[in-house]
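The values are calculated or read from the model by the stated rules, or taken from the named source; none is laboratory data. This is a predicted model, so every value here is computed, not measured. Don't worry about glycine lacking a Cβ; one is built from the backbone with ideal geometry, like all the others, and counts go over all protein chains shown.
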Amino acid sequence: MSQAQTAHQDGDERYNELVHKVFLVLNEGQLHRAPLVEPKVALDLGCGSGIWALEFAKAYPSCQVLGIDINTGSGHQQQSYKLQVCTR
């Protein structure tokens, strides 16, 4: 694998922040494109460092946000994580 493909796996927070900023620019500053009124549950598959999930949870405090990533070493220490093996 190239260095670019594994940057997120190495815990490079700067990489995750840059990707998140590019995402926001491409989406005109919006965390999502779907019309949401009061979301109750949100799922972030491949959440990486969890930056999107954390910002979404701040924007919608009554929403339960779950971030899942194959790399168990990523994420913020103050958050709670539950490792699950997903098949199919």
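For the stretch 65-72, does any single residue satisfy the condition of being at pLDDT below 90, more than 18 Å from Y15 (Cβ to Cβ), aliphatic (A, V, I, L, M) and not in a loop (DSSP other than H, G, I, E, B)?
The answer is yes, given that some residue of the stretch 65-72 is at pLDDT below 90, more than 18 Å from Y15 (Cβ to Cβ), aliphatic (A, V, I, L, M) and not in a loop (DSSP other than H, G, I, E, B).
Do we have V41 as in contact with a strand residue (DSSP E or B) (Cβ under 8 Å, 6 or more places away or on another chain) and at pLDDT 90 or above here?
Details: in contact with a strand residue (DSSP E or B) (Cβ under 8 Å, 6 or more places away or on another chain): yes; at pLDDT 90 or above: yes.
Here the answer is yes, as V41 does meet what is asked.
Select, from A57, A53, the only residue that is part of a helix (DSSP H, G or I), within 9 Å of the chain's Cα centre (by Cα), at pLDDT 90 or above and over 13 Å from N71 (Cβ atoms).
Values: A57 fails: within 9 Å of the chain's Cα centre (by Cα).
On inspection, the qualifying residue turns out to be A53.
Go through (1) surrounded by 10 or more Cβ atoms within 10 Å (Cβ to Cβ); (2) at pLDDT below 90; (3) among the basic types (K, R) for K21 and report which single condition fails.
Unmet condition: (2).
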